[in-house]
Amino acid sequence: MDDKFNFTLEERRESLEILQRLKASMGGTLKPDDELKLKEQLTNAINQNRIQRDVFGLNPILHSFQTAELAVNEIGLKRDGVIAILLYAIVVDNSSAIEQIQLKFGENVAHILNGLCRIHDLYKKNPVIESENFRNLLLSFAEDMRVILIMIADRVNLMRQIRDTDKIEAKKEVSEEASYLYAPLAHKLGLYQLKSELEDLSLKYLEHDAYYMIKEKLNATKRSRDAYINRFTGPIQQKLEESGLKFHMKGRTKSIHSIWQKMKKQKCGFEGIYDLFAIRVIIDSPLEKEKMQCWQAYSIITDMYQPNPKRLRDWLSVPKSNGYESLHITVLGPENKWVEVQIRTERMDEIAEHGLAAHWRYKGVKSEGGLDEWLSSIRTALEAGDDLEVMDQFKMDLYEDEVYVFTPKGDLFKFPKGATLLDFAYHIHTGVGNSCVGGKVNGKNVSIREVLHSGDTVEILTQSNQKPNANWLNIVSTSKAKSKIRLALKETQAKDGLLAKEMLDRRFKNKKVDIEESVMNHLIKKMGFKEMSEFYKQISDGKLDPNDIIEKYIDIRDRDREQNAPHAAQSAENFSYESPEEELMKDNDDVLVIDRNLKGVDYSLAKCCHPIFGDPVFGFVTVSGGIKIHRQDCPNAPELRKRFGYRIVKAKWSGKGTSQYSITLRVIGNDDIGIVSNITNIISKEEKIVMRSINIDSNDGLFSGNLVVMLEDKSKLEILIKKLRTVKGVKSVSRL
């Protein structure tokens, strides 16, 4: 067992000094018994041996005091945030203690500690910290914004403390995290001073030679740089004072990290960087006159020094998404050197230096379009001042429509809320998705339907004999997975159809039956299949018996051969009824005269061309003895005349059309609002025309549809078509 944790005399002295400063800084926000309860919690943790020094040998309690002081002074955290920082070391590996802390210090402290512990657990998954997804996951996991602020403050403090450590690998890992993760987070939250410190310390620890080279060069040129700044700012100061503005000026040298980044970007040495510093004019201005006085200063400075219009940056009129407000100009100073001048007010400078986190006021703003938009909307809720009591209520529901999940190796992927294990499998690889049979989420076996949650670690299980089915489309929620499943189903169907066709061919050969394509097509249509692929799919699924198919094929083949055999044309006298007059007049049907001497013949209207009264028609004698009436322009007419000319009889309409005929019209036009309503209105206004159905599809701004109407004769049809063609947006109307 480890030795009991002890403070050194120096650590005890420093902790007590920081405690006194904290009490003074926080004023009356601490409750009367908070100090006593804190001491009791920390003492018990030490006595129970729950406190141990970290990998760098640092005292975690002293470290938490240092972090708390930094968070109060640099960020503006108050009572709940400070207590959470001081207690974090004793709950990080004992989350059950949070319940006791809630009873003693309140729900807000417990909520912050719970967020810190959740993020601590994320690190156990060995995440790839360089990814934007991980930064977003941290924000969504934190729930309370103070959790992120505390993490940034803690990392800044840690970077300060490990300067002289001999734990090189651990120091490198901490520095890389500061550079990739914490500095970008600090930047997003407007904590510019802390962001610069993290970047400089990271560079110092990771690229020691580059850091000290730039530092030495800056020190060597400091005297000449200061002298130039005085020559540049002297005239400006005089003119601004004469104008009556209250202000002060200071020169700001670029951070070592930003100089190094510029050297790498421009591929030049230190001497090639000209804008090593910027002059800042900070105006003491009332809120209502801020913009006016900033532009007044701009006018004075640009009258003295020539400005570069391409380098004007106006963040007064439209602040940056992270809340930054300032006016940047670049002017040509003495000795023809370009100098950047930043003009801002005291309020703007306070925000730029110490960040907006100290001024946030919660107004229930939620994310709708991502992190930057969310941060921007929070900034609109900003009210000047340093009152952070309302911060105790600050909660956020960030990315409520997105989840972030880990692979076993620590890679992080983003999915829409409601995504399942199967979505994850297809995101990894199409082959993994197609063969997925289930998986493990946080070590527990789950099905492909398991819904994922932020922070889950997901592992996929596959089997080589697994293949997608149509039901999988109802399981996944991402378009990527749906498209891959549809593609796999098509490939599977094509493969199965090919195997079914080969199997059917073998059965035909075994029965010594030759396959004629025309007969097979006739059979497939007669069985009700529109697509040949569906016919073969049902064979592969076992829904159709090949032996039954062969029997039906032989039956159709023999019948077709018998019908196609040449034989003498039958006399029309053979087509008669027992009571022809009664048959003629049934259901108000029109009298149909076939040739000159025939009346009362058993006839029916062909479904292939739907003839109506007034259409030029002819009759076709069927095998069953009846006559089918076809339009002269029927699509099948040429083939019927060519092959069965002996069965064609003349036909014509007699009398007046009184029956209702079903007609299908094809309409194509622009997909405009109200066009369908206009079409149906025209039909409804026509006498003795009834609309039976309408079926419309639209694609790429066009629609096409079939209208089924009931009408009496061809003349009414022609009138209807002419009226439909006049509807605005209709391109064509044709009869099917």
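The values are calculated or read from the model by the stated rules, or taken from the named source; none is laboratory data. These figures come from a predicted structure and were not determined experimentally. Heads up, the Cβs are rebuilt from the backbone with ideal geometry, glycines too, and the neighbour counts pull from every protein chain shown. Ligands, DNA and RNA are stripped out before the accessible areas are found, and what is left, the full protein with its side chains, is counted by its heavy atoms. Shrake-Rupley method; radii C 1.70, N 1.55, O 1.52, S 1.80 Å.
Per-residue surface analysis assigns R311 an accessible area of about 100 Å², computed on protein heavy atoms at 1.4 Å probe radius. Applying a DSSP loop filter and a limit of 11 other Cβ atoms within 10 Å to the trypsin sites (Lys or Arg not before Pro) in the stretch 396-461 leaves K409. Backbone phi angles across the stretch 275-282, fed through the Karplus curve with coefficients 6.51, -1.76 and 1.60 (θ = phi - 60°), yield HN-Hα couplings of 8, 6, 9, 9, 9, 10, 9, 10 Hz in residue order; Gly and Pro are listed as x. Annotation: amide H-H contacts under 5 Å for D456 (H modelled 1.01 Å from N, sequence separation of 5 or more, or interchain): F406.
Take each peptide in 659-666, 43-50, count the other Cβ atoms within 10 Å of every residue, and average; sorted highest first, the result is 659-666, 43-50.
Taking 0.36 nm per residue of sequence separation and removing the Cα-Cα distance, the K124/V55 pair yields an extension gain of 23.3 nm. For the stretch 635-736, the set of GluC sites (Glu not before Pro) satisfying both a DSSP loop assignment and a count of at most 14 other C-beta atoms within 10 Å is given as E687.
With θ taken as phi - 60° and the Karplus curve 6.51 cos²θ - 1.76 cosθ + 1.60 applied, the whole-hertz 3J(HN,Hα) list for the stretch 722-730 is 5, 5, 5, 5, 7, 5, 5, x, 7 Hz, x standing for glycine and proline. Split the accessible area of the stretch 201-356 by element, probe 1.4 Å, and carbon with sulfur accounts for 50%.
Ordering 79-89, 114-124 by mean Cβ neighbour count within 10 Å, with the highest value first, yields 79-89, 114-124. Computed over the stretch 155-240, the alpha-carbon pair-distance distribution with 10 angstrom bins reads 16, 34, 25, 18, 6, 1, each value a whole percent. In nm, give the distance between the simple-model label positions of K239 and F644, each being 7 Å from the Cα along the Cα-to-Cβ direction. Between K239 and F644, the label points sit 10.2 nm apart.
Among K195/K289; K417/K537; K480/K731; K204/K262, which pairs are too far apart, with a Cα-Cα distance over 26 Å? Distance filter (> 26 Å) returns K195/K289; K417/K537; K480/K731. Across the stretch 549-555, computed HN-Hα scalar couplings (Karplus, 6.51 cos²θ - 1.76 cosθ + 1.60, θ = phi - 60°) run 4, 5, 4, 5, 4, 4, 4 Hz from first to last residue, x flagging Gly and Pro. Each of the peptides 535-547, 17-29 was scored by the mean count of other Cβ atoms within 10 Å over its residues; in descending order, highest first, they stand as 535-547, 17-29.
Cross-link pairs exceeding 20 Å between alpha carbons, from the set K652/K714; K526/K552; K39/K167: K39/K167.
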